[in-house]
Amino acid sequence: MRLRVEFTTEPFDLDEPPRHAVVARDVIEAAALDAVDVGPFGNTAEGGSDAVLTAVDALLRRALAAGATRVSLQVNVVGEEQG
């Protein structure tokens, strides 16, 4: 199964990315995911279910530890994994 995760971290800072946002971005970019799209107001990534769920766990733990006060996320099934 393939999953898509969409997430944001708060609080926002329009002048420069807060530490928790940078940490969240680093987690997603380092994970074994594809179709990663990181933006200032929302981020998405897709991959196999194990990779996405592992990345979400790390994202939550590390972003909260880095000062996030809220992490909003949505996970959707987008199809079956190729292979």
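How far is helix 19-30 tilted off the main Cα axis of the chain, in degrees rounded to 10, range 0 to 90?
For helix 19-30, the angle is close to 20 degrees.
If you take all C-alpha pairs in the chain, what percent of them are over 21 Å apart? Don't skip to the end; give the middle numbers.
Values: 774 of 3403 pairs.
Roughly 23 percent, once rounded to a whole number.
With the alpha-carbon atoms as the only input, what is the per residue convex hull volume for the stretch 1-43 in Å³?
Working: hull volume 2.9 nm³, N = 43.
Each residue corresponds to 66 Å³ of Cα convex hull volume.
Taking a label point 7 Å from the Cα of Glu6 along the Cα→Cβ vector, which residues of the stretch 49-71 have an amide N closer than 15 Å to it?
none
Can you give the extra length, in nm with one decimal, that the chain gains between Leu73 and Val22 once fully stretched, where that is 0.36 nm per residue apart less the Cα-Cα distance? Walk me through the numbers on the way to the answer.
Details: separation 51, 0.36 × 51 = 18.36 nm, distance 1.62 nm.
Taking 0.36 nm per residue and subtracting the Cα distance, the gain is 16.7 nm.
Every number in this text was worked out from the coordinates using simple rules, so none of it is lab data. Model, not experiment: these values are computed from the prediction. Virtual Cβ from ideal backbone geometry, glycine too; neighbours counted across all protein chains shown.
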